1. Which pairs break 27 Å Cα to Cα here: LYS228/LYS472; LYS162/LYS551; LYS433/LYS527; LYS68/LYS228; LYS313/LYS472?
2. Take the Cβ-Cβ distance between GLU530 and LEU399 as r, set R0 to 56 Å, and report the resulting FRET efficiency rounded to the nearest 0.05.
3. In whole Hz and in residue order, list the ³J(HN,Hα) couplings for the stretch 510-526 that follow from phi through the Karplus curve 6.51 cos²θ - 1.76 cosθ + 1.60, θ = phi - 60°; x for Gly and Pro.
4. Modelled label-to-label distance, GLN547 and SER298, 7 Å Cα→beta-carbon offset: nm?
5. For the pair ALA184 and GLU384, how long in nm is the line joining their label points, each one 7 Å along Cα→Cβ?
6. When you count, for each residue, the other Cβ atoms within 10 Å and take the mean per peptide, how do 404-417, 169-182 rank with the highest first?
Amino acid sequence: CRRKNEKQNCVYLNILFSFRIYEEGRESIPENPYFFETDVEICLVGGSCKSPVERFWNGNSVIYVLQKARPNEDSDPMGESNPDDAIYASELLPREGSEPAALSVTRAKQLISLYAMVQNPNMTHLKISDLVVLPPLWIRCDGSDPEHTCWLGAEPLKAGNKITGINFYMVTCDGPTADKSCFANLEELKMAHKMKHHSSVVTTKGFAQYELIRAAAMEDTIVESESKIYVDITWNSVDKILETPPLVSAATLNIALKPGDPRSPVYQLYRELQFLLGLAEGLKTGVTEWPEPLESESAVELVQEFLTDLKKKLDGYCISGNTKEAEKIQCDTAAVDSSMKSIFSERGDLDFAEQLWCKMRSKGIVGSYQELIECFTLIIKCLEHGEIQPWIHQGSSSLLSKLIQQSYHGKIEAVSLSGITPIQMLLEIGLDKMKKDYVSFFIVTSRSSLLFQDYFISTSVDLQEQVHRVQKLHHMLEIMVSCTVLLQFKHENLFPLTQICMKYYKENPLNEQHEFQLPIRPALVNKLYENDHPEIWKVDISSGHGQKEVKTTWQVSTNPPVEHMTSNNTGLLSDSTVNGSSEERMHFISVAKCSQVHFM
């Protein structure tokens, strides 16, 4: 019996040691999970990581997530592990792209009990001299019990530095199903909560999430499937299950947009950016992939024609300036539909360098490095002999612009068109042109004061960083255009969204998966969702205050509420007819319950 107790105490101390990795990694959350015994993976989730239980638990602290450890294909299935060791066991890490694995409900309950044991100050026989309040614990469950439990959780209650009790959580899930007859009745949910927690008064809070891309789809103008635009709405005093949120609710627009959809109104500008990125990559690696020419004439012949037209202007045969010729270049380079023209208007002030860039990019006339050298040789000779005096924007920073400015005074410096110089010259004029394009859009469309304008158009950083910042501008542009086309946003809505995006991108690298959030009024988008079904709808029923608050959550969703649940029917319409309708969406029903245990 004594040996049995000693062994049990050893298990308690071992799991305490495993959990207390938090103490060792307070400054930074470990990237790799730790392991308890051979079957449990312990992860710390917090900081910028999205909580996997955010729909059922509103805490904002670091949490433990326990799940089943699955051996990698290269690991030894017969290998043994010492439970007394703190293991990094990389061979047990989940394979890339695999879903998290769940533990059996029986195993999860055992782990919850161990966690509660080492947090209970009354367990003096464990001889824990320095009892630490650990982060909340959540365990992925496989739903093998009759209730189909998918999460078990525990959260210490404390007064100062003392642990006074534990909140236990249980999340169950049924589905997918298209049968709405299994939906709960709100009054019955409230009554069950009152009886369980001996409460006389309860409050309710609603939440609904609507996908706006599908609701706002416009013929051929819609962002690709990888992108998401949806709205989260919360409100107090819920009257019935699946009620439409009132217009006085609080709402947040969530936008995660991946650029490059051919149906986007700014797809041509995206292609222009790709050409710019190709030049930047060639400058970095020394290998440039040139596009196939789209014209029968050679690059040198087309540039020669362009220069001849400029000579005629200088001789007085044509009016000078940037009117008809610029309009012709714009027409050649835009090649976009009317929606593009109404949203992203081509600038009417393209200078010589920008027109040259448009010709080379849009028609793909430059098919080799040698052709690029010959084109720039022609241009420099014309400048040296005073045959052209092209107009350029003041403040242009490219080498070609500097040569043009020098030509105004009758003398230009010698330039060796060898090595990376020709590619760098083309990249510079493209950067100048595209920066002006983006700045023009943000000023005209969102009337933004460009709080961080200097950051995005700065020439004080190297070319590669300038290209990186132009990529950020394009990502922001795609977001603004999508909100204008799909959501019909006006200046008063685009302006704050622009500022949010600019602030993020001044402080962070390019991240096309980032989800931007904008607080809005539901009335701004309610016409897009009022006749649609929510992707998620839930009600929280609460009683008590502070640490004595307990909550019951009922939720219906079109996708599995947890990562470790998979279904081939996710988000699809039912194939069978339910209640006379052949277009019932499949849904999952989840219930989260809470109970409290007090130690003193």
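Every number in this text was worked out from the coordinates using simple rules, so none of it is lab data. Note that the structure is predicted; figures quoted are calculated from it, not measured. All Cβ positions, glycine included, derive from the backbone under ideal geometry; neighbour counts span all protein chains shown.
1. With Cα atoms farther than 27 Å apart: LYS433/LYS527; LYS68/LYS228; LYS313/LYS472.
2. Using R0 = 56 Å, I get an efficiency of 0.50.
3. My calculation for the stretch 510-526 gives 4, 8, 6, 9, 5, 9, 7, 10, 9, x, 9, 8, x, 4, 5, 10, 4 Hz in order.
4. Going from the GLN547 label point to the SER298 one covers 8.4 nm.
5. 8.3 nm
6. Highest mean packing first, the order is 169-182, 404-417.
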